[in-house]
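Taking it in order: structure first as structure tokens, then the write-up.
Just so it is clear, none of the values below were taken in a lab; they were calculated from the coordinates. Model, not experiment: these values are computed from the prediction. For neighbour counting, all protein chains shown are included, and Cβ atoms are generated from backbone atoms with ideal geometry for every residue, glycine included.
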Amino acid sequence: MINIFAAWIGFALGCISGAIPGLFFHNQDWLGGYTSWPRRLIRLAHIAFFGIGFLNLGLGLTSQLLGVESSAASILMIIGALTMPTVCYASAFRPVFRHLFFIPAGSVFVSVVLFIERMV
């Protein structure tokens with residue numbers, strides 16, 4: 001159930017993280033323009049809330065439907081949901097943080113692999 005809850009929290013944060021920058025998107029030069037690094041990373045953080053939210057929802061519902069339980073996969077997916085937007089926002093304003101993307105990407109990847117392994 002925790003992954004389903006995390007998914008819906010992610011969706012709510014995705015709505016908020018899209019609405020706030022959406023107030024400024026009309027300004028073509030906002031954060032350096034449409035293709036600037038900060039603006040791209042803010043968009044990536046916004047979509048990460050939804051994308052990893054859907055992965056959490058899928059993991060939670062599949063786990064319940066098939067009766068498969070993997071606490072390690074569950075925890076790693078939540079870590080990915082927390083760290084991906086965080087690293088995106090941090091990288092937007094301090095590009096050195098881009099070196100931390102292995103944390104959310106790795107945790108989501110390992111979560112998926114562990115969950116597949118539990119299903120087989």
Discussion item. Can you tell me the orientation of helix 2-22 relative to the chain, as the angle in degrees between its alpha-carbon axis and the longest Cα principal axis, to the nearest 10?
Written reply: 10 degrees
Worksheet item: Put +1 on the Cβ of every Lys and Arg and -1 on every Asp and Glu Cβ in segment 2-119; which of Pro38, Ala105, Phe54 then has its Cα farthest towards the positive end of the dipole?
Response: Pro38
Fill in: For the chain, the fraction of alpha-carbon pairs in successive 5 Å shells from zero, as %
2, 13, 20, 20, 16, 12, 8, 5, 3, 1, 0
Item to complete: Could you go through segment 56-67 in sequence order and give the Karplus-derived ³J(HN,Hα) for each residue, using 6.51 cos²θ - 1.76 cosθ + 1.60 with θ = phi - 60°, rounded to whole Hz, and x for Gly and Pro?
Response: 4, 5, x, 5, x, 5, 5, 4, 5, 4, 9, x
Response to the item:
Note, segment 33-38: 3J(HN,Hα) by Karplus (6.51, -1.76, 1.60, θ = phi - 60°), whole Hz, Gly/Pro = x, goes x, 4, 9, 5, 3, x
Worksheet item: Sorted by mean Cβ packing within 10 Å, highest first, what order do the peptides 80-86, 22-28 take?
Response: 80-86, 22-28
Worksheet item: In sequence order, what are the phi-derived ³J(HN,Hα) couplings for segment 110-118 according to the Karplus relation 6.51 cos²θ - 1.76 cosθ + 1.60 with θ = phi - 60°, rounded to whole Hz, with x for glycine and proline?
Response: 5, 4, 5, 4, 4, 5, 4, 4, 5
Practice prompt. Please give the residues of segment 8-30, grouped as numeric ranges, whose backbone N is less than 19 Å from a label point set 7 Å along the Cα-to-Cβ vector of Leu65.
Written response: 8
Worksheet entry | Residues of segment 99-117 with amide N under 16 Å of the 7 Å Cα→Cβ point at Trp37 | 99-101
